[in-house]
Amino acid sequence: MKIEILEVSGESCANCLTLLPVLKKIAEEKHLPLRHLEVNEANLREVQALEVERVPTVILLKDGTPFARCTGFQPEEILEVWIEAKIQEITREV
């Protein structure tokens, strides 16, 4: 089972720019891959397929399939707790 963090953001989104370094730190601490996806014309289909309605959106993926999402800026402490809870939840289902 591969779990990764996907961060979807917009180019001129202040909250997105603030969130990315926080997510990088959390991903490093939890030894999880982090992928950044910036909304633009080139990847609009992927963003739509992920059903992203606003940025920033953090999506947790298990083997490439989304299993949890969080929208809007969240403080580091909240994100850490949320990510840990969702990972525990999905690993218990296995």
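The values are calculated or read from the model by the stated rules, or taken from the named source; none is laboratory data. Predicted model, so just to flag it, every value in this text is computed and none were measured. For neighbour counting, all protein chains shown are included, and Cβ atoms are generated from backbone atoms with ideal geometry for every residue, glycine included. Areas reflect the complete protein model, heavy atoms only, side chains present, ligands, DNA and RNA absent. Shrake-Rupley method; radii C 1.70, N 1.55, O 1.52, S 1.80 Å.
Got the relative contact order for segment 20-75 handy, in percent, Cα pairs under 8 Å and 6 or more residues apart? Provide the component values of the computation, followed by the final result.
Details: 31 pairs, mean separation 11.4, N = 56.
The value is 20 percent.
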Write out the cysteines belonging to the chain for which the nearest other cysteine Cβ is not under 4.7 Å, or none if no such cysteine exists. 70
Mind checking the angle between helix 14-30 and the chain's longest principal axis? C-alpha axes, 0 to 90 degrees, to the nearest 10. 30 degrees
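Need one number: % antiparallel among DSSP beta bridges in segment 1-90, to the nearest 5.
Values: 12 of 17 bridges.
Close to 70 percent.
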What are the ³J(HN,Hα) couplings of segment 47-52, residue after residue, when phi is run through the Karplus curve with 6.51, -1.76, 1.60 and θ = phi - 60°? Round to Hz, x for glycine and proline. 4, 5, 4, 7, 6, 7
Candidates for Cα extents along the principal axes in Å are [x] 33, 26, 21; [y] 70, 49, 15; [z] 37, 26, 18, and the calculated one carries label [z]
Any idea of the accessible area per residue across the chain, 1.4 Å probe, to the nearest Å²? 61 Å²
With +1 assigned to the C-beta of every Lys and Arg and -1 to the C-beta of every Asp and Glu, and no other charges, what is the dipole magnitude of the chain about the Cα centre in debye, to the nearest 20? 160 debye
Label-point separation (nm) for residue 82 and residue 11, each offset 7 Å from Cα along Cα-to-Cβ? 2.6 nm
Would you work out what percent of the accessible area of the chain, with all protein chains in place, is carbon or sulfur (probe 1.4 Å)? 50 percent
